[in-house]
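Notes for the one structure printed next.
The values are calculated or read from the model by the stated rules, or taken from the named source; none is laboratory data. Keep in mind it's a predicted model, so treat the numbers as computed, not measured. Please note: Cβ atoms are built from the backbone with ideal geometry, for glycine as well, and neighbour counts cover all protein chains shown.
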Amino acid sequence: MIKIKINGQEQSWDGDPDLPLLWFLRDEVGLTGTKFGCGQALCGACTVIVDKEAVRSCITSVNDVAGREVTTIEGLHPNGDHPVQKAWRQVNVPQCGFCQAGQIMQAAALLMDNAKPSHDQIREAMAGNICRCGCYQRIENAVHLASTGV
Amino acid sequence: MNFIDNPKKLRGFEKHVRIEKVSRRSILKGLGVTGGFVLAAPVMSRQAFAYETGAGKMPHGVVVDPRVFVAVAPDGIVTIVAHRSEMGTGVRTSLPLIVAEEMEADWSKVKVQQAHGDEVKFGNQDTDGSRSTRHYLIPMRQIGASARIMLEQAAAKRWGVPATEVKAVNHEVVHSASGRKLGFGELAADAAKESLPSVDSLKLKAPKDFRYLTKGQISIVDLHDITTGKAGYGADVRLPGMKYAVIARPPVTGGKLVSFDPADAMKVSGVEKVMQVRGWPWPSKFQPLGGVAVIARNTGAAIKGRDALKIVWDDGPNGKYESVAYRKELEEAARKPGLVVRKEGDADAALKSADKVIVGEYYVPHLAHVSMEPPVAVADVKGDKAEIWAPVQSPGGTREDVAKTLGIPEENVTVNVTLLGGGFGRKSKCDYALEAALLSKELGAPVKVQWTREDDLHNGFLHTVSVERIEAGLDKSGKVIAWRHRSVAPSIASTFAAGTVHQASFELGMGLVDMPFEIANISCENPEAAAYTRIGWFRSVSNIPRAFAVQSMVGEIAQATGRDQKDMLLELIGSPRIVKLASVKDLWNYGEPYDSYPIDTARLRKVVELVAEKGEWGRQVPKGHGLGIAAHRSFVSYIATIVEVAVDDKGKLTIPRVDTAIDCGTFVNPERIQSQIEGAAIMGLSLAKYGEITFKDGKVQQKNYDDFPVIRMDESPLVTNVHIVPPGPDTPPSGVGEPGVPPFAPALINAIFAATGKRIRSLPIGKQLEA
Ligand code: FES
Ligand code: FES
């Protein structure tokens with residue numbers, strides 16, 4: 001039996017320990033905010049935060065996070081008012097929105113690590129997250145805004 | 001009052017609804033299959049609104065009835081139906097906002113309700129062709145105005161005053177003479193009993209009184225949900241007892257299942273069942289390809305199970321499709337005369353007598369949509385009833401196709417439209433919903449069919465592949481006197497009808513026969529090309545290769561004559577005029593009447609001039625940088641783009657700045673226009689730099705975002721500026737979702753030439769600059 005803390009709640013799993021965390025979250029726990037975009041760590045749509053690090057849940061097994069703390073978009077802030085989320089709304093970032101949970105989790109992890117990233121650092125840190133709608137200019141501006149105070 | 005769910009009143013607008021025998025869902029969209037009935041409601045009379053659109057000719061036309069689209073609750077909450085699909089354009093906000101504007105509803109008291117697929121009730125729901133605002137600006141205003149008048153009439157009756165003395169203002173009706181006021185909620189029940197005003201009697205707001213339209217101050221309704229993970233996409237639907245499925249499909253279009261061994265798949269933890277899925281022979285529109293489904297308790301187990309399947313396929317007639325050889329075929333066809341689809345003067349003779357002939361042969365490969373959300377659908381089929389939840393661009397078409405596929409009446413099918421995680425034309429084809437319906441029927445349980453990214457690339461409906469060959473003849477003075485453009489590409493029509501070798505009028509009409517240049521001798525030709533895979537609509541469709549070819553040729557002519565690119569472009573566009581295309585038999589014109597939406601070169605010139613001014617054309621740029629320009633009319637909008645590129649000595653590209661000017665006529669939300677154009681620049685850059693799907697042995701060679709890359713943040717333009725042309729009075733609205741894409745690649749390619757002296761004629765750029 002694998003135990004994981006997800007958004008502060010204990011969850012357990014006694015199925016295939018190799019099951020990607022993404023599908024455990026989405027299909028078994030019902031946390032559908034984390035998205036499937038590629039399954040190969042190429043797009044970032046499935047990004048969650050494990051302890052303090054951004055992780056691609058599509059190539060991370062449930063076993064890999066046994067006993068650790070996982071934060072998904074649903075758990076980032078109780079009212080959805082994390083500075084990154086607020087900045088996203090202020091800048092009207094999303095188009096279709098499908099990539100945005102992953103983008104927001106990646107940006108939140110970036111700011112934990114580097115509270116005042118430069119534009120170049122933002123562009124580099126966010127390069128693992130694809131937005132097929134092409135919201136990059138606004139994502140960059142929103143991360144910058146979140147880092148300077150919303 | 002509850003305007004919604006009053007199906008008996010549906011035909012309240014009978015006098016505006018005519019029943020016509022025209023092509024049913026014109027595959028059908030313009031491919032000219034006849035039979036069946038369509039309800040068409042041409043509500044926009046010329047007298048009333050100065051222009052007409054093609055909306056009434058779409059399957060099921062337009063329904064203008066507030067009782068279908070608006071409900072006012074006693075607590076004052078106004079519910080407005082969004083009947084088009086949201087895939088990132090903002091339409092789910094924009095259309096209801098138009099209604100709210102006109103009915104004087106306070107947007108903070110408005111709830112948006114997504115319509116299910118029902119075109120008899122809501123009118124056409126095909127969210128494609130950059131049509132939503134174009135076709136619905138006036139109908140939505142009329143719906144809002146009708147609702148407002150009904151509320152005003154109810155208040156006037158209550159107070160016993162003439163209706164002319166009352167006025168709806170921001171969610172209340174006021175009688176200023178007596179200072180009395182009643183909220184919309186208080187009037188709801190009475191207003192529902194009022195008779196519907198006639199469309200012709202409606203007086204719409206003057207633009208100066210707009211509170212929301214054209215202001216760009218209202219954010220999309222899903223913004224909070226998107227940023228908190230609550231927004232519901234197709235894959236997020238969960239039903240009690242739902243099974244999770246992935247399907248192994250034939251790797252070659254037209255291939256068939258020979259045999260499969262489920263033993264190893266069944267050993268995977270969580271896998272419950274392996275079963276065959278019915279397939280249809282190619283081509284059969286959007287019907288499933290068939291294959292083997294793995295059913296499991298979660299998607300991860302289903303994918304792992306599928307990896308363990310042993311399958312033998314028969315590749316069928318397309319097993320030899322190979323991209324290198326196919327390109328040669330297209331090139332050879334482009335070097336010989338083909339079906340003439342436009343002819344003015346005598347281009348052949350003029351080319352012979354020309355002082356100089358410039359030849360450009362341009363290649364654009366197959367492209368895949370790779371919308372961020374891969375295709376996915378949930379179905380629950382019980383007996384002769386089916387309910388679907390899916391991210392579909394065509395909810396009405398999906399309903400029809402599910403009914404046909406299951407052999408049940410359309411009324412028994414409910415299609416719930418989720419948010420779409422991107423569409424770009426892929427989700428106009430509902431094959432994934434049909435797969436889910438078939439599986440659910442057989443399993444007797446709700447099923448979610450999830451496509452992986454690999455499935456999306458291997459079994460999609462690709463953008464065509466094309467060779468565009470242009471020969472331009474110049475006289476001694478450098479004036480272009482002849483233009484011969486041959487376009488060779490497999491047609492989307494091949495997905496509907498076997499043996500198709502010519503492009504359909506809607507494809508020819510995307511930048512070939514509607515080319516706006518003022519040249520005395522023009523010949524447009526369409527040599528034959530057969531298809532060997534499923535071809536489908538991709539954001540802006542044939543405009544991608546056409547704008548690439550035509551606008552690159554402008555650059556080439558400028559280059560050959562030592563002229564400035566922008567001056568050359570304006571000279572070719574020529575005098576401000578309405579282009580006459582007498583020789584074109586079937587000018588599609590995006591389905592719009594030509595007198596409302598003619599090719600107006602004054603508007604094309606205007607966007608070129610505007611982008612040149614705002615984008616500082618001719619500015620000094622550092623060494624290794626270059627500026628390029630391109631302009632194109634598509635989806636009846638006019639767009640011009642300037643790209644600044646920097647190419648370093650290793651051939652690495654960066655894009656310091658992009659400027660785009662757009663004239664999309666009367667618009668609703670400039671903020672969403674901006675976001676569409678910003679996104680279009682990224683998509684244009686993606687396809688120019690990387691976009692290429694290739695075939696070998698009939699199979700797509702790319703698998704995922706690693707070998708079919710798209711632009712990421714670190715390579716995206718540093719800044720994209722959008723300049724919107726203010727509309728003239730009564731300028732009809734035109735497309736926004738797609739037109740931004742076509743001019744990007746040629747502007748970039750022209751910029752690369754300016755920076756490096758290298759002329760790229762084959763996309764993607766790939767490693768071409770590295771040598
Ligand atoms: S789904 Fe995990 S990175 Fe794409
Ligand atoms: S908003 Fe659509 S993929 Fe990013």
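Considering only residues that are of a type outside the set (S, T, N, Q) and either without any contact (Cβ under 8 Å) to a residue 40 or more places away in the chain or facing another protein chain (nearest Cβ under 7 Å) (or both), which ones fall in region B:720-732? Steps first, answer last, please.
In the first step, residues of region B:720-732 are kept if they are of a type outside the set (S, T, N, Q); the result is B:722-730, B:732.
Scanning region B:720-732 gives B:PRO726, B:GLY728, B:PRO729.
Any residue in region B:298-308 that is over 30 Å from B:ILE492 (Cβ atoms), β-branched (Val, Ile, Thr) and in a helix (DSSP H, G or I)?
In the first step, residues of region B:298-308 are kept if they are over 30 Å from B:ILE492 (Cβ atoms); the result is B:298-305, B:307-308.
Right, trim to β-branched (Val, Ile, Thr) and you get B:299, B:303.
Narrowing the set further to residues that are in a helix (DSSP H, G or I) leaves B:299, B:303.
For region B:298-308, residues over 30 Å from B:ILE492 (Cβ atoms), β-branched (Val, Ile, Thr) and in a helix (DSSP H, G or I): present.
Do we have B:LYS208 as in a loop (DSSP other than H, G, I, E, B), at pLDDT below 95 and away from chain A (no Cβ under 14 Å) here?
Details: in a loop (DSSP other than H, G, I, E, B): no; at pLDDT below 95: yes; away from chain A (no Cβ under 14 Å): yes.
Here the answer is no, as B:LYS208 does not meet what is asked.
Can you name every residue in region B:199-232 that is under 25 Å from B:GLU152 (Cα atoms) and without any contact (Cβ under 8 Å) to a residue 24 or more places away in the chain? Steps first, answer last, please.
First pass over region B:199-232, keeping only residues under 25 Å from B:GLU152 (Cα atoms): B:199-213.
Result: B:SER201, B:ALA206, B:PRO207, B:LYS208, B:ASP209.
Out of all the residues in region B:228-246, is one or more in a helix (DSSP H, G or I), more than 30 Å from A:LEU76 (Cβ to Cβ), aliphatic (A, V, I, L, M) and within 14 Å of chain A (Cβ to nearest Cβ)? Explain how you work it out, then say what you get.
The initial filter retains those residues of region B:228-246 that are in a helix (DSSP H, G or I), namely B:228, B:234-236.
Applying the additional criterion that residues be more than 30 Å from A:LEU76 (Cβ to Cβ) yields none.
No, because not a single residue in region B:228-246 is in a helix (DSSP H, G or I), more than 30 Å from A:LEU76 (Cβ to Cβ), aliphatic (A, V, I, L, M) and within 14 Å of chain A (Cβ to nearest Cβ).
Quick check on region B:277-295. Is at least one of its residues facing chain A (nearest Cβ under 10 Å) and crowded, with 23+ Cβ neighbours inside 10 Å? Give the derivation first.
First pass over region B:277-295, keeping only residues facing chain A (nearest Cβ under 10 Å): none.
Looking through region B:277-295, none of the residues is facing chain A (nearest Cβ under 10 Å) and crowded, with 23+ Cβ neighbours inside 10 Å.
Just to confirm my filter: which helices (runs of 4 or more DSSP H) fall fully inside region B:49-162 and include at least 1 residues that are surrounded by fewer than 22 Cβ atoms within 10 Å (Cβ to Cβ) and aromatic (Phe, Trp, Tyr)?
Working: elements: B:66-69, B:91-103, B:119-122, B:132-159.
So the answer is B:132-159.
So which residues in region A:44-60 are within 6 Å of ligand 1 (Cβ to nearest atom) and farther than 20 Å from B:ASN298 by Cβ?
Of region A:44-60, the ones within 6 Å of ligand 1 (Cβ to nearest atom) are A:44-46, A:56, A:58.
Correct list: A:GLY44 only.
Would you check if B:PRO446 is within 14 Å of another protein chain (Cβ to nearest Cβ), away from ligand 1 (no atom under 16 Å from the Cβ) and either without any contact (Cβ under 8 Å) to a residue 24 or more places away in the chain or surrounded by fewer than 23 Cβ atoms within 10 Å (Cβ to Cβ) (or both)? Before you say what the answer is, go through the steps one by one.
Numbers: within 14 Å of another protein chain (Cβ to nearest Cβ): yes; away from ligand 1 (no atom under 16 Å from the Cβ): yes; either without any contact (Cβ under 8 Å) to a residue 24 or more places away in the chain or surrounded by fewer than 23 Cβ atoms within 10 Å (Cβ to Cβ) (or both): yes.
Yes: the conditions hold for B:PRO446.
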